[in-house]
2 protein chains.
Amino acid sequence: MRYYPVHSGYPPYTRVNQAIEAAFAEHGRGGVRMPSKVYVGLVENGDFRTMPAYMPALGIAGVKIVNVHPNNRARGLPTVMALTEIIDVATGVPQAIVNATELTAMRTGAAGAIAAKYLSPRRTVTLGVVGAGRQAEALVEAIAATLTIDEIRVWSRTEKSSEAFAARYADYNAVSVSIERACDCDVLNTTTPSRKPLIMADWIGEGTHINAIGADAPGKQELDPRILTGAEVFVDDPGQAAHSGEINVPIETGLYDTGMIAGTLGEVVIGKRGRSSPGAVTVFDSTGLAIQDLAIAALIIERDDGYDLPFP
Amino acid sequence: MRYYPVHSGYPPYTRVNQAIEAAFAEHGRGGVRMPSKVYVGLVENGDFRTMPAYMPALGIAGVKIVNVHPNNRARGLPTVMALTEIIDVATGVPQAIVNATELTAMRTGAAGAIAAKYLSPRRTVTLGVVGAGRQAEALVEAIAATLTIDEIRVWSRTEKSSEAFAARYADYNAVSVSIERACDCDVLNTTTPSRKPLIMADWIGEGTHINAIGADAPGKQELDPRILTGAEVFVDDPGQAAHSGEINVPIETGLYDTGMIAGTLGEVVIGKRGRSSPGAVTVFDSTGLAIQDLAIAALIIERDDGYDLPFP
């Protein structure tokens, strides 16, 4: 058994996007075994989630264990930390434990990049960014590996954060703007922990693609429900999206119904579904899939570094 | 983060039984958060199970990942192997990874010992043993720490195994016998991977307590369903028992109903439920709880040994 702290560096997004796209394609073909993630609440709004899966096509199985502790920032700790355990498919022997904290942000960014690759109205895009944390960075970098970014319009609740974000991505003509202005774009990425709609329907122009990333637990939402009812909504996984994705609150309040889902990102990748017209608004409702975690862990465990651990 | 291969040895059953009894008591008081375990099928009837839980009273949270690969014995590998990850409740930081292979057998044996402590008709017992593998050994050793064993009657599908088992426990007057004779006892432990009833109702005398341990997945059963309908059945967890415990097949075939369950072992431990009369047959339907895994891991991670691992 090997432990991989991944101190030797992370793979480039060109490789990560490719691996994540292949995982979604397998999901679209129905070729994966993946129960919905399981939540266990802890103290002070903290929780941890257990995400098991098996991808026969890659011969890889395992589980990611990931926490979300909103009060961690005040402690100088990341809000989200994760480990992925990989087990041998044929024997069940634990093969690897991978530090998956950074990989979690990367595989989520890559999912947004794949969604944008297939659903963006154009190849050269103005990127809207609402929420300027680690996940927003990963989305910019993953999308930059698949589309050309001509401008970034970023808004954050704290102006200091959006200005720092704009400075960091000056090469992409990033500017700190109002939230309404950030929504005037081709591809909008929302990554806030909001529990009420931040993005109003009137702000979203025809043809916009939205990566709705922030909602990942019951009660969370970022979009005016009228955006969802007027858009073509693609989810990563219907069960998880209904439970904890952007659509979870509108379903709870009766404003949205799972029958309105246009398809899964996997179905989009294999060409079974897609945007119906250039003017349609499309939404990718991302909750995060265990198969994304397996696919990115597979890029790490092919390396020689890591710590050998005795087992048993 | 520390990795514990547990090479420094295992705690004695006196301590393990105490820890497991405390965990069941918390469960009986409704003081734990524990979703049902999640199964993912792999190749050749192999699978792995993910078992998350949080015990506020102990301030411990985490998840056990355990495989079951029936073909492993032919490869010279254990059928069951496990790791438990413990995370810090307040911050979500991964604290420890514990080799839980042997601990899994021990915590299951301890659950049987606690069930026997509360449900056995007497303190000095003749022990029946059906199935003579690792789990049967753990049950004998755990029960010996709480009751006095005056004789062991052991049966195994292969006589060589039951004779070796009898020799190993000669101090307890262990003898290799027919399966019917093994059932003539005070406390019967069944630990086979059977998918059809092995133990007939006619063989079970008044007042017998049965630890039904073998059934741990849909389709598995060891007992004639007439034993269950005539007995007082206590489960570790109603949801898991209905899904994968001894009662799962009779429920599927309409011979048993969850409304017939007499209570949980946790309720027995806190005195809320118990055997109704000395003559009643009692059954403990064990599927294995994540809180047992946390409770036994807590005994290991209080030690100083183990490997320091960098995280992140």
Check: B:GLU163 to B:GLU206: extension gain in nm, 0.36 nm per residue of separation minus the Cα-Cα distance?
Finding: 12.7 nm
Item checked: Inter-chain shielding of B:56-64 (mean C-beta neighbours from other protein chains, 10 Å cut-off) -> 3
Next item on the list: Quickly rank A:174-187, B:287-300 as a protection proxy: mean count of other C-beta atoms within 10 Å, highest first.
Entry: B:287-300, A:174-187
Next item on the list: Of the listed pairs A:LYS64/B:LYS272; A:LYS64/B:LYS117; B:LYS64/B:LYS117, which have alpha-carbon separations greater than 30 Å here?
Entry: A:LYS64/B:LYS272; A:LYS64/B:LYS117
Notebook entry, point to check: Inter-copy label distances at A:PRO312, 7 Å along the Cα→beta-carbon direction, one decimal in nm, shortest first?
Noted result: 3.5
Check: How do A:TYR307, A:TYR4 line up, fewest other C-beta atoms within 10 Å first?
Finding: A:TYR307, A:TYR4
Margin query: Quick check: residue separation of A:THR124 and A:ASP304 times 0.36 nm, minus the Cα distance between them. What number comes out in nm?
Written below: 61.0 nm
Margin query: Averaged across B:41-49, how many Cβ atoms of other chains sit within 10 Å of each residue's Cβ atom?
Written below: 5
Next item on the list: Mind pulling the angle between the C-alpha long axis of helix B:101-119 and the longest principal axis of chain B? Nearest 10 degrees, somewhere in 0 to 90.
Entry: 50 degrees
Checklist line | Pseudo-label separations to other copies for A:PRO238 - Cα-to-Cβ vector, 7 Å, nm | finding: 3.0
Check: Sorted from fewest to most neighbouring beta carbons within 10 Å, what does the list A:LYS196, A:LYS117 look like?
Finding: A:LYS196, A:LYS117
Margin query: Report the Cα centroid-to-centroid distance between the range B:17-89 and the range B:254-290 in angstrom, as an integer.
Written below: 21 Å
Check: Nearest 10 degrees, 0 to 90: what angle lies between the long axis of helix A:290-301 and the longest principal axis of chain A (Cα atoms)?
Finding: 60 degrees
Check: Can you give the FRET efficiency for A:ASN45 and B:ALA74, using 1/(1 + (r/R0)^6), R0 = 56 Å, r = Cβ-Cβ distance, to the nearest 0.05?
Finding: 0.70
Notebook entry, point to check: In degrees from 0 to 90, rounded to the nearest 10, what is the angle of the helix B:13-28 Cα long axis to the longest principal axis of chain B?
Noted result: 90 degrees
Item checked: Relative contact order of the range B:112-288, pairs being alpha-carbon contacts under 8 Å that are 6 or more residues apart, as % -> 22 percent
Checklist line | Number of partner chain Cβ atoms within 10 Å, mean per residue of A:65-75 | finding: 3
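Read-outs throughout are calculated quantities, based only on the coordinates presented, and are distinct from any laboratory measurement. On a predicted model such as this, the values are computed, not experimentally measured, just so you know. So basically every Cβ, Gly included, is an ideal-geometry build from the backbone, and we count neighbours across all protein chains shown.
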